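Following: one structure in structure tokens, then a few remarks.
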Amino acid sequence: MDLEVRHLRALCAIADTGSLHRAARHLGVAQPSLSTQLRRIEQELGGALFTREPTGCRPTPLGRLVLLRARPLVAEMRSLVAEARAATADGPQLRVGSTASRALAGWLRRLRGRRQEPILHMNVSPNALLRMVADGQLDIAFVHEVEGSPLRVPEGLRLRVLIEREPQFVSLPADHPAAERALVRLADLAGDRWMVDPTVDGEWDAVHRMLRAAGLSPRVLHGDYHTAAALVATGEVVTVCQPTSPSRPDAAVRRIEGDPLGVRLLLAARTDAALDAVYPALAEAYWETALLAPAYREWLERERDEHRAFAPTR
């Protein structure tokens, strides 16, 4: 078997995400297919490239050597493709990466209004998006850093903080007894099943830490947040959510007492000039969205009153 760029891309994805499951999701392939591909690559190179552990995959010494040579090749190929596409485009394009955010629509609209044509790339993994910016695949990335799980920021990236600590709320069935109150205690959810997306960097561990600190050990299920939202609506689970998430007739969004879970919102680029070009539009879009969420707006007003100066950090 001759090694191809797609094989090197797969190795980089496994290393960046730390697991075959997350790498397969990132690449858009089935996990068994990726596992078979990895075995064939290892047979071709004559040794194991990753050790399989309960917590995920780690590069072996041979794997680190291969990755050292593979990353520049993959990055160069991505840059070639991006430059070729940009050369044939009608106008200047901005390659934007982002994890999920309700501020995205307003941000993209503002960028278009400033004659910046954004091409959006979504990914649940902030670490994967940061690597794509560093590799030249993306110009900018809007990501979140889960409290207690620092992101792996590639050398040379510039960061700008939008929100130092955004509290995470809980989404629960609208007819749940705890939904009758604006502030939910974790103890009120002790008998519920939780659903968390384990592919979101740091979130699985953060939710478990939050629950353990509250003295709880509920059943926690794996699932992406689209599935979680559907199951919340049918009364099957509760889940953490962004404070900008709207309540619906079948699901209520409530603040958690003590704000035990938070994230930091960051914008990443390779230069300060790139950050300067898009940060104001993002900040405008975020605050527009935040003030439309009643529970979050109340939280922000309380923070402003208590600290007399609450605003996104630049």
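The values are calculated or read from the model by the stated rules, or taken from the named source; none is laboratory data. All figures in this text were calculated on a predicted structure; none of them were measured in a lab. Because the Cβ atoms are built from the backbone with ideal geometry, glycine has one as well, and the counts that use them run over all protein chains shown. For the accessible areas, the whole protein counts, side chains as well, though only heavy atoms, and no ligand, DNA or RNA atoms are used. Shrake-Rupley method; radii C 1.70, N 1.55, O 1.52, S 1.80 Å.
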Worksheet item: Which of the residues belonging to the range 63-73 are of a type in the set (D, E, K, R) and surrounded by 15 or more Cβ atoms within 10 Å (Cβ to Cβ)?
Response: 71
Discussion item. Given the criterion touching a His at 6+ places or on another chain (Cβ under 7 Å), open to solvent by less than 30 Å² (accessible area, probe 1.4 Å) and not charged (D, E, K, R), identify the matching residue among 207, 263.
Written reply: 263
Worksheet item: Looking only at residues in the range 30-62 that are polar (S, T, N, Q) and not in a strand (DSSP E or B), which one is surrounded by the fewest Cβ atoms within 10 Å (Cβ to Cβ)?
Response: 55
Worksheet item: Of everything in the range 59-101 that's aliphatic (A, V, I, L, M) and over 30 Å from residue 43 (Cβ atoms), which residue is modelled with the highest pLDDT?
Response: 96
Discussion item. Please pick out the residue among 184, 153 that is among the hydrophobic types (A, V, I, L, M, F, W, C) and either closer than 20 Å to residue 258 by Cβ or open to solvent by less than 20 Å² (accessible area, probe 1.4 Å) (or both).
Written reply: 184
Discussion item. Between 192, 175, 135, 139, which is over 26 Å from residue 56 (Cα atoms), touching a helix residue (DSSP H, G or I) at 6+ places or on another chain (Cβ under 7 Å) and open to solvent by 20 Å² or more (accessible area, probe 1.4 Å)?
Written reply: 139
Worksheet entry | Count - residues of the range 16-29 that are in a loop (DSSP other than H, G, I, E, B) and open to solvent by 60 Å² or more (accessible area, probe 1.4 Å) | 2
Fill in: Failed criterion for residue 3 (all others in (1) in a loop (DSSP other than H, G, I, E, B); (2) under 19 Å from residue 125 (Cβ atoms); (3) not basic (Lys, Arg) hold)
(2)
Worksheet item: How many residues does the range 168-190 contain that are of a type outside the set (D, E, K, R), in a loop (DSSP other than H, G, I, E, B) and closer than 15 Å to residue 210 by Cβ?
Response: 2
